[in-house]
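J.: Sending over a structure as structure tokens; questions will come in a sec.
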Amino acid sequence: MLKDAMGGYRGTAIEISRVIAEHPGNTEAYYDLGNARSSCDDYDGAIDAFTMALKIGLRFREAIAGYGDRGIARVKSGDFEGAAEDRKRSTELAVGSEEGREIVLSSEC
């Protein structure tokens, strides 16, 4: 299993699941598993993985992305209410702290 320059695990869902089996508290691996499952159109599996990463405790910026990515998976699975909740939580995190306000204000959107 390889890590990219940003420290994320790269590989298939099966490979990332092996990392999780060896290190069940690895939030980044759960987050990467969510992305791997989402890229294979396994949105329910992605939602489960993102939920576990958020539950264990992603760092601040990663939590914002985690809620956003889980929200996208929820939209694709048809859970629009859950997606709206995730979007709201992501926004609350982003603008509810000094670091979040700086991130939002520095964006070019």
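Bear in mind that the values in this text are calculations on the coordinates, not laboratory data. Small disclaimer: the values here were computed from a predicted structure and weren't measured. Here the Cβ is made from the backbone with ideal geometry for all residues, glycine too, and neighbour counts use every protein chain on show.
J.: With unit charges on the beta carbons (Lys and Arg positive, Asp and Glu negative) and the dipole taken about the Cα centre of segment 6-94, which residue among 78, 57, 47 sits farthest to the positive side?
T.: Of the listed residues, the answer is 57.
J.: If I model a spin label as a point 7 Å beyond the Cα along the Cα-Cβ vector, how far apart are those points for residue 41 and residue 81 in nm?
T.: Each label point is offset 7 Å from its Cα along the Cβ direction, giving 2.7 nm.
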